[in-house]
Amino acid sequence: MSALLSPKFKTKQTPAAVNAAAASFAVLTAKLDYMSADDVDAVRSAYRYADQAHLGQLRNSGEPYITHPIAVAQQCAEWKLDAQALMAALLHDAIEDCGVTKPELIERFGAPVAELVDGLTKLEKLEFNTREENQAESFRKMLLAMARDVRVILIKLADRTHNMRTLSNAPRTKWARISRETLDIYAPIAHRLGLNTTYRELQDLSFQHLHPWRYVTLTKALTKARGRRRDVIKRVQDEVETAFSKASLPMKISGREKTLYSIYCKMEEKHLSFAQVTDLYGFRVVVNDLTTCYTALGLLHQEYKPLPGKFKDYIAIPKINGYQSLHTTLIGPFGTVIEFQMRTDAMHVVAESGVAAHWLYKASDPNSVASQSLGTQWLQSLLDIQNETRDAAEFWDHVKIDLFPEAVYVFTPKSQIMAMPRNATMVDFAYAIHSDIGHRAVSAKVNGEQVPLRSELRNGDVIEIITAPVAKPNPGWLGFVRTGKARSKIRHYLKTMALTESQDLGEKMLTQSLRAEGIERLPEDDETNRTLWEKILRFSGNRSRADLLTDLGLGKRIASMVAKRIVTLLAETGQRPNALLMSLERYTEHDSVSQGSLLLDGSEGASVQFASCCKPIPGDGILGYLGRGEALVVHTDDCAVAKRLQYRDSERFIAVDWSEEPVRTFESSIMVTVTNGKGVLARVAVALAAAEADITQVNMGHERVEDATELRFGIEVRDRIHMASVLRNVKRTPSVLRVQRARPGAERV
């Protein structure tokens, strides 16, 4: 916000402040000719209120502070924004700098104006751990307000543009920080929304204050080059006008020059000198209709030779921000490289003003719906991301990913064109179509050929996503997805699944503890037991039954304590424990029924983890450790790590046992000592495969190879019986000296 430039209030007026004509409302009046008299009066009332609120405040230049809100409103008026937006532009610093409250603005100017101002106000009054966290939360608030009402970001960009124009008056120590923030955040947002004029100006102003010496040097070089090529440019313009006149095609032609910042970036990226940058100049040809754009292209290609590979049709396939034009690069007189852009008047308005073009169209034709959808897809995606990401820094990370799209254009099997950010993958594409497609994706086809989901999209590919009803997002996807939408959807799904699985585990644990206390089942959450559950939740401090069960599954509550409380409350209603059930549950150990233990079959998901230190498999004696806020971790009963935890934290261990029919294989490790020789590793691998053990990892160590070597294999087996079969099979392999399961207490075979 403009507080970046706000000085401490000064009491002494300067001549510049006294005589500042810019502080007058008359400066703004001339730009309000598209408004009704009532709207102009409403804007004038906001000006008077802002003028009074900022009375006595000066900018660093010595001018009255009100000159800044007026300048912001002027820019908004050039975009033909409505009266509410201009009122908010005049009042945008009132809450932050003048102590005005949001309710006061609602009472005086109405809720819509107050909401716009509130969306622009930074969160100075909140305490954050770091400046970065403060900034992230501020941008989250601003961007969400922007997603609900795009006028917020238009006012914000007008505000930042004026601040950058006057940045030279601020202390030099602020230049780098403000310019870098503008380059990293505001210029990309302007580009994302199609505000190309503002985008180019913000880039050049940031460059001017980040690298003043380089800016001056390039300015001088460009001025000299402009003088040398003036005759060439004039000749090209005359020849093009003559060619169009002969063809009886009306058009408007104007010259355009590369911005200093884009020249500087090109020199940096391609390691060029200024003299080696050839495409400094271009022309924009504006014609009456779409068909004439392509006719104009043909005329230009007859007049000058085109450079191969330098033609782009952004009319048939618009950019993500709505930009449409034909681009071609031609060889002009004396070998001068010149770019031409062909577009209609409507395309030109959108190209320069982006989402602001909606109000420009609205001013000339209230019934027009042209350009209303510009940027709305991205703005809506901000709300989607926010629904699944409450952390401000994480939200801002997602948004920054989407600010630099450099689009790749691909097709769905039904020939619909989709624009995706460069380096986006098949998973990004799946989530761009629909969240359910992303969640259920198992593979992809590119032009009919199967490819991995991590494959990157390429221009012109036809993409088909293969789904399966039982599929679900893989946490590994987070390592390669590129779009904020895909990343936030995957994280939200994984968090939701983890909580659901923890709730199921918590219910099993509480039911087990209740059976040990003589209560056969957990009371239902129904009308009959409402009073009981209210008392239980008051005891545990949870808001709902689901929260309590989730906390039990995560280890934040002890199931036995909650069970004892439930038994006490049930006793008050006359329900007594079943003595027979209590004795069965407490004194039956390792029985086939195993009623006293939590049964595991491998389907528990993220709520149950099998310890990596001992890697238990079905048939091992096991016990469960319930860490605080973590999943239930299962160890073997002879694991040294588990024994240390038991000594220190015994009350957090619960009885667990294997189900009779586990539903999947389990990871384990074996150590194989072999004599060195050709093909030994292959023979061991064949033996493992013959025993139906999947190899997940092979480690040969880093020691120098000697007569004998130890190989460590990560394998997946069904149970101890399967493991014994694997060990026997490997032991019979030639060159194998010894094989053992790599875990505490494992016996050598």
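Here the stretch 605-741 has an Rg and Dmax of 17.1, 53 Å, counting Cα atoms alone. Phi-derived couplings, Karplus 6.51 cos²θ - 1.76 cosθ + 1.60 at θ = phi - 60°, listed residue by residue for the stretch 194-203: x, 7, 5, 4, 5, 4, 5, 5, 4, 5 Hz, with x used for Gly and Pro.
For residue 656, the residues whose modelled amide H falls within less than 5 Å of its own, excluding neighbours fewer than 5 places apart on the same chain, are 598, 624.
Across the stretch 303-315, coupling constants 3J(HN,Hα) worked out from phi with the 6.51/-1.76/1.60 Karplus curve, θ = phi - 60°, read 7, 9, 6, x, 7, x, x, 10, 10, 9, 9, 8, 7 Hz, and Gly and Pro carry x. Between residue 637 and 621, 622, 623, the built amide H atoms are under 5 Å apart, and every one of these is 5 or more places off in sequence or on another chain. Among the trypsin sites (Lys or Arg not before Pro) within the stretch 456-511, those in coil by DSSP and having at most 13 neighbouring Cβ atoms inside 10 Å are 458. List, in the order given, every pair from 270/310; 252/319; 174/489; 445/615 whose Cα-Cα distance in the structure shown is over 26 Å. Beyond 26 Å: 174/489; 445/615.
The slack between residue 459 and residue 644, meaning 0.36 nm per residue of separation minus the straight C-alpha distance, is 60.9 nm. Remark on the stretch 216-364: Rg and Dmax equal 16.3, 47 Å (Cα only).
In terms of Cα atoms, the Rg and Dmax of the stretch 455-551 work out to 20.8, 67 Å. Rounded, prolate or oblate for the stretch 666-741? Axes are the square roots of the Cα gyration tensor eigenvalues, ordered a ≥ b ≥ c, and the cut-off for rounded is a/c under 1.5. The shape class here is prolate. Counting 0.36 nm for each residue step from residue 223 to residue 313 and taking away their Cα separation leaves a gain of 29.2 nm.
None of the figures in this text is laboratory data; all of them are computed from the coordinates on show. Remember, it's a predicted structure, so these values are computed and weren't measured experimentally. Every residue, glycine among them, receives a Cβ derived from its backbone with ideal geometry; neighbour counts consider all protein chains shown.
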